1. Kindly identify region A:307-362 as rounded, prolate or oblate by the Cα gyration tensor criterion: order the square roots of the eigenvalues as a ≥ b ≥ c, call it rounded if a/c is under 1.5, otherwise compare a/b with b/c, prolate if a/b is larger, else oblate.
2. Give me a single rounded figure for A:290-300: the average over its residues of other chain Cβ atoms within 10 Å of their Cβ.
3. List the relative contact order of chain B as a percent without decimals, with contacts defined as Cα pairs under 8 Å and 6+ residues apart.
4. Could you size up the charge dipole of region B:299-362 around its Cα centre, putting +1 on the beta carbon of Lys and Arg and -1 on that of Asp and Glu, and report it in debye to the nearest 20?
5. Test of understanding: ordering B:ASP221, B:ASP36 by Cβ neighbours within 10 Å, fewest first, what list do you get?
6. Across peptide B:369-379, what mean number of C-beta atoms from other chains lies inside 10 Å of a residue's C-beta?
7. Would you work out which of B:ALA395, A:HIS238, B:SER23 lies farthest towards the positive end of the dipole of the protein assembly as shown? Charges go on Cβ: Lys and Arg +1, Asp and Glu -1.
8. Can you return the aspartates and glutamates within cross-link range of A:LYS214? Criterion is Cα-Cα under 14 Å, with same-chain partners fewer than 8 residues away left out.
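Rule-based calculations on the coordinates, nothing more; no lab input. On a predicted model such as this, the values are computed, not experimentally measured, just so you know. When we count neighbours, we look across all protein chains shown, and the Cβ atoms used for this are built from the backbone with ideal geometry, even at glycine.
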Amino acid sequence: MARTADVTVIGAGLVGAATAVGLAEAGLSVDLYDAEFPGSGSTGAAMGHLITMDDTPAQLALTAYSCQRWRVLAPSLPEACEIDYCGTLWLASHPEELVGVRDRITAFAAHGVRAEVMEERRVREQEPNVCPGLAGAFWVPDDGVCYPPAVARALVDRAAALGAAVHSGERVTAIAPHEIHLANGSRRPAGAIVVAAGVHSPELIPGLPVVPRKGHLVITDRQPGLVRSQLIEFGYLHSAHALGSASVACNIQPRRTGQLLIGSSRELVGFDGRINRVLLNAMLERAAKFVPAVNSTRVLRTWTGFRPATPDKLPLIGRWPSLPDLWIATGHEGLGITLAPGTADLIVAGITGRPAPIDPSPYAPDRTMPTMTTAVA
Amino acid sequence: MRRVRHADVVVIGAGPAGLAAASAAAERGRSVLLVDQGLRPGGQIWRHRDEQALPSAARRLMARARNAGVKLVSGCRLVDAGSPNELVIDFRGRIDRHQTDAVIIATGARERFIPFPGWTLPGVTGIGGLQALLKGGLPVADTRIVLAGSGPLLLSVAAAVAQAGGRVQLVGEQAGAAALRRFAIRVLRDPAKLRQAISYRWACRSAPFRTDTWAVRAHGDGRLQSVEVSERGHLRSIRCDWLGIGSGLVPNTDLGQLLQCQVEHGAIAVDALQATSVAGVWAVGECTGVKGDEAATIEGEIAGRAAAGDAAGAGSTALQAARDSGRRFGRLLEETFAPRPEVLALATPDTILCRCEDVPMRSVDPGWTPRQAKLWARVGMGVCQGAVCGPSCTALFGWSANTVRPPLGNPSCGEWKSGLDSAD
């Protein structure tokens, strides 16, 4: 009989990979499973922002903490992870979007995150290709971008080097008390189980409040210098917040290669990955409104991906009561890349009984949540 | 603003297959739009500047399309299709949408390259690419040229080089002498192919032709200076200004994949009437399997008739027999000129596999899936979207065809956007 690992982690996206590393570093033996290969799911389709967000105080606390953890992690990752601290420039079309921004700067500062208001003239100095006539911007210089599948690969390699057993291409189809079932019909004993299977987590835990929220992305040819920082319109906050209807917002990232990665869209259509050309059109119009030069870039390809969304926009991190020793790490919506290291720390603290680095209660999976009335099958 | 237009039948590609398909459909009273990337019709095989210089079969087919009322639009390409009935076409920078009842895919083939050290040096080019350069007026008089590849294209390009005054140092065919003899016996039974082969060989008669011969390494400081070849088991170095390479042709399946057509063994799968797995979509010529211009013309004829509702005409015994014969020839081509193991083993860990993204062989594990190679090593993520390295990877690692994501052919964001549906 093979030994039973202390912890079985299901899903080697960035969240599962970071969790496996954290557990292995804590001295636990780890089995890590992925249905395809590390970073092949939502991680492989993601933009890869490392971003501080403050939709709620709990979101701010976790993004700020996790961004700090990225700072520690980044220097040890290979070049292919393409980590660039390009900052985020939140573009305001109307003065009212900047109302209350002073309070946000104060809140960011309380978490050690620098942020400032940038007047239009300085925005145009920093980003000459941004359209004229903006009301200004909110500048967060410490944000960054990365190439998520390469990070997932590097972290899984690290976990393996620390002794974790990596089972790539082995799909877990069900979980039972201290046991997992695989697609090939075999069963494996398990100690603690961490479900980090992203949008597929409800297939293992029926009733888990996670739905796939589809997004489109477009990558362009190489246009070095056309955009320097990550450009997001303030309207993105509304787009990301409302769970019901389809929405788009301008979200443009400069990549290490000189390419632009253009998002973002959000819609609830189940796992239908086909391109919605109406929504895509609206998304590109939005990008071109803020950066007209986007129109002259050449489009290499478009793809879709699914964010694991929850009803209250906060992830599910912690113990789940349906089985003994069952832990959940999913529901990060569009912030899974940013939140992976912070999530890993909370899970490791929970399993080892060590003190958590931040208050974990806002992310407890069995917290009271609004029902997901807009959820679709 | 974009315009929405209608044509009963839209044919993509004006090579032999597309010209025949468009003509057959138009002669049956259908309105036919023939969309072609080239500046003039004819496809790669009949690329020309002066129509009078073309073979008579080509001139006849072009005249037939004109007389039948086919609307040919040159320098245009299909960039996206939300469904087979809704095509987004780039008319030299202006985007139009075309509604249609029938699509005939005639997108031809492209060259396959098996990487070897130095294959990305300037001066090294595809054999077909070299032919296109010659037709475009590349001066080669008194330059030294080595051709090392596989398939009938070798001889036709050698002839074109010789006629343009180039000095062909060597024509190397990687296929073995025995396989080539079997192929020659088949060609002997076909007077047209035999005449063509003889005329090509005559045109480049001073150039040595060697079987069991391939390029091992290209040398040069910034540009090609010489090539090391393995000639029947012996290595030798030849100084040259141009090296034409290529391991045969592979079908262009991108448009079929975009329209969700089934692809088998790297070609768009079709039935006896050239219908694909998707209703309203036919595919003809090299994109359904490489077999030459004569067979492609037959397939075009069948699909043009079928798409115009003339199933009886499309299924005629004579056409079907000719089509089957063409397919058999295609299979023989594939067997005869398949890359040999020694050629598949030429690349070293430093050899570039994906030239758009500068990915060397050592960055890739043959045990990966194609998607893993994309996400982990950027293979096929560049401007050509795997058009070049996709067939290399299939030959080297047995990987399935590259996934196709819209748009096709890198339109500008503004152009493409104008072809997408808007909410209003």
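1. On the way: a/c = 2.01, a/b = 1.31, b/c = 1.54.
It is oblate, given that a/c is not under 1.5 and a/b is not larger than b/c.
2. Numbers: counts 0, 0, 1, 2, 4, 7, 4, 4, 9, 14, 9.
Mean partner shielding for this stretch: 5.
3. Values: 942 pairs, mean separation 80.3, N = 424.
RCO, chain B: 19 percent.
4. 180
5. Working: B:ASP221 7, B:ASP36 24.
The fewest-first ordering by Cβ neighbours comes to B:ASP221, B:ASP36.
6. Details: counts 4, 0, 5, 10, 0, 2, 13, 11, 4, 4, 0.
Across B:369-379, the average partner-chain Cβ count within 10 Å equals 5.
7. It is B:SER23.
8. The reachable aspartates and glutamates, counting only those whose Cα sits under 14 Å from A:LYS214, are A:GLU267, A:ASP272, A:GLU333.
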